[in-house]
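The values are calculated or read from the model by the stated rules, or taken from the named source; none is laboratory data. What you see is a predicted model, and the numbers here were worked out from it, not measured in a lab. Glycine gets a Cβ as well: all are built from the backbone with ideal geometry, and neighbour counts include every protein chain shown.
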Amino acid sequence: MSPRPDLRGRLAAARAQREHAGLSRRVRACDVLPGGRRMVGGRVLTDFCGNDYLGLASHRDLVTALTRAAVAEGVGTGAAHLVSGHRGEHHALEEELAEWTGRERAVLFSTGVMANLGALQALLGAGAMPGREAALCVQDKLNHASLIDGAQLAGAALRRYPHGDAAAAARQLDAQPGLPALLATDGVFSMDGDIAPLAALASLCRERATLLYVDDAHGMGVLGPAGAGSVAAAGLGSKDVPVLMGTLGKALGCAGAFVAGDADIMDAIVQFARPYIYTTAMPAALAAATRAALRLVREDSEGRRERLAANVARFRAGATALGLPLMPSTTAIQPLLLGDAGSAVAAARLLEQAGFLVVAIRPPTVPPGGARLRITLSAAHSEARVDALLDALARIPLPAQAIAV
Ligand SMILES: *Cc1c(COP(=O)(O)O)cnc(C)c1O
């Protein structure tokens, strides 16, 4: 018998290969300073790579709600939602999220990754015949990793269409008419910042008895009336997009996620989503903080969405004047496409020396040759900070032309 292959050896080879390609990842502590700055490796930096688009993560109302609820209820919930971990704060938050998004019911998850894994595993996998493909799942090529993983977890036949190509999605659905089907897309694409062709996807799904699932992690709070997201901004409702997923850790400034839809779909998720059933409920204090965030987002009496839009416009105008390789995005995500990983890493390092935290996004998070600086704007940035970032970008060597990926 030949000796069993060694797992440690295989891992060492995989790590060495990644290191050799210049694609190793490292964790660094980024501590919070007053005024939205960060302390990283002994330097004070302005963060232009986070997803706190409205600057709510350190808002006094959220901090007050969190601490008050923690004093009253403690920290941990000690059990799953279906056991004894589901508090009044969770229940109220779910009802408010459902009302905000115009859906019958919303269900909380502890993270967005878990929401996608759980919802897709339940919707695509429950009731499937053993030994057969569970369902057809058609997805945009640039969807978030957790959507792809969710379809695989469900044992679905996964087909990925070229980015934003609704006609290709329709062809993939038509090629397999014998399986029940779900089409999943990001609302706003996390590494590109552009918005999915939601109206076209909704109509092709309606014509093909296909459930449309939109992950609006980067649209919730930012786009649409009352910040209800990219689906609401496109004028679409629950009939057009039966399953809507949103995260609470980006524009809402907290942590966690939810899935919203009609009562039948949501009950299927509660019955069958293992990452919902088998995990401890998020702290009730976090739900209380999220309710405070949701009030601020819906009313927006401080004009945060407008300030964010003004910063996006200011950045795009300045970057256009400098001839920087902008991508076709109207959202808070404004990547500069540099192509090779080495240029992106070098540019990020130079920006850091100039006082800005911008991370180079490299394969496999983006396609080969698609390395970029993922710059994100926030309502918390002053105009002067946006201008200072543009000044720094003007001083570092960057390719002038966008590179075709
Ligand atoms: C961030 C993100 C998620 C994951 O959400 P977390 O709450 O951070 O786990 C899911 N989908 C998309 C599109 C995201 O950008």
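Here 115, 98 are screened, and the one residue that is within 21 Å of residue 224 (Cβ to Cβ), in a helix (DSSP H, G or I) and within 16 Å of the ligand (Cβ to nearest atom) is 115. Residue 224 meets each of the listed conditions (1) in contact with a helix residue (DSSP H, G or I) (Cβ under 7 Å, 6 or more places away or on another chain); (2) within 16 Å of the ligand (Cβ to nearest atom) apart from (2). On the basis of being in the same structural domain as residue 193 (by TED's automatic domain parsing), surrounded by fewer than 24 Cβ atoms within 10 Å (Cβ to Cβ), among the β-branched types (Val, Ile, Thr) and in a loop (DSSP other than H, G, I, E, B), does residue 331 make the cut? Spelling it out, it is not the case that residue 331 is in the same structural domain as residue 193 (by TED's automatic domain parsing), surrounded by fewer than 24 Cβ atoms within 10 Å (Cβ to Cβ), among the β-branched types (Val, Ile, Thr) and in a loop (DSSP other than H, G, I, E, B). Output the residue which, of all residues in segment 230-253 that are under 19 Å from residue 292 (Cβ atoms) and surrounded by 24 or more Cβ atoms within 10 Å (Cβ to Cβ), is nearest to the ligand (Cβ to nearest atom). Among those residues, the one meeting the criterion is 247.
Would you mind stating whether residue 68 is among the basic types (Lys, Arg), farther than 25 Å from residue 303 by Cβ and assigned by TED's automatic domain parsing to the domain that holds residue 315?
Numbers: among the basic types (Lys, Arg): yes; farther than 25 Å from residue 303 by Cβ: yes; assigned by TED's automatic domain parsing to the domain that holds residue 315: no.
No: the conditions fail for residue 68.
Of all residues assigned to segment 335-350, at least one qualifies as being in the same structural domain as residue 50 (by TED's automatic domain parsing), more than 27 Å from residue 221 (Cβ to Cβ), touching a Pro at 6+ places or on another chain (Cβ under 8 Å) and polar (S, T, N, Q).
Answer yes or no: is there a residue in segment 209-217 that is away from the ligand (no atom under 13 Å from the Cβ), more than 28 Å from residue 275 (Cα to Cα) and surrounded by fewer than 23 Cβ atoms within 10 Å (Cβ to Cβ). Before you say what the answer is, go through the steps one by one.
Our first condition is that a residue be away from the ligand (no atom under 13 Å from the Cβ); within segment 209-217, this holds for 209-212.
After this cut, where a residue has to be more than 28 Å from residue 275 (Cα to Cα) as well, the list is none.
No; the residues of segment 209-217 include none that is away from the ligand (no atom under 13 Å from the Cβ), more than 28 Å from residue 275 (Cα to Cα) and surrounded by fewer than 23 Cβ atoms within 10 Å (Cβ to Cβ).
A search for C-beta distances below 6 Å between a residue of segment 111-133 that is touching a residue at least 60 places away in the same chain (Cβ under 8 Å) and any residue that is within 15 Å of the ligand (Cβ to nearest atom) and of a type in the set (Lys, Arg), counting only pairs 6+ apart in sequence or on different chains, returns nothing.
Would you be able to tell me the number of residues in segment 56-68 that are out of contact with any Leu (no Cβ under 8 Å at 6 or more places or on another chain), farther than 22 Å from residue 191 by Cβ and surrounded by 13 or more Cβ atoms within 10 Å (Cβ to Cβ)?
Pass one, segment 56-68, residues out of contact with any Leu (no Cβ under 8 Å at 6 or more places or on another chain): 57-58, 60, 63-65, 67-68.
Still in the list and also farther than 22 Å from residue 191 by Cβ: 58, 60, 63-65, 67-68.
Then drop every residue that is not surrounded by 13 or more Cβ atoms within 10 Å (Cβ to Cβ), which leaves 58, 63-65, 67-68.
The number of residues fulfilling the criteria is 6.
Within segment 166-207, the set of residues being in contact with a helix residue (DSSP H, G or I) (Cβ under 9 Å, 6 or more places away or on another chain) and outside any helix (DSSP H, G or I) comprises 180, 181, 182, 183, 184, 185, 186, 187, 188, 195, 196, 197. Restricting the search to segment 6-40, which residues are modelled with pLDDT of 95 or more and of a type in the set (A, V, I, L, M, F, W, C)? 7, 11, 12, 13, 14, 16 - these are the residues of segment 6-40 that are modelled with pLDDT of 95 or more and of a type in the set (A, V, I, L, M, F, W, C).
Screening residue 173 against (1) more than 16 Å from the ligand (Cβ to nearest atom); (2) surrounded by fewer than 17 Cβ atoms within 10 Å (Cβ to Cβ) leaves a single unmet condition, (2).
For segment 214-266, residues that are in a strand (DSSP E or B) and in contact (Cβ under 8 Å) with a residue 60 or more places away in the chain total 11. Would you tally the residues in segment 124-164 being part of a helix (DSSP H, G or I), in contact with a strand residue (DSSP E or B) (Cβ under 9 Å, 6 or more places away or on another chain) and away from the ligand (no atom under 16 Å from the Cβ)? Going through segment 124-164 one residue at a time, the tally reaches 1.
Taken over segment 161-176, the criterion of being over 20 Å from the mean Cα position of the chain (by Cα) and under 21 Å from residue 134 (Cβ atoms) is satisfied by 169, 172, 173, 174, 175, 176.
Being in a loop (DSSP other than H, G, I, E, B) and over 29 Å from the mean Cα position of the chain (by Cα) is the filter; apply it to segment 1-23 and report the residue that is farthest from residue 365 (Cα to Cα). So, considering only residues that are in a loop (DSSP other than H, G, I, E, B) and over 29 Å from the mean Cα position of the chain (by Cα), the one farthest from residue 365 (Cα to Cα) is 1.
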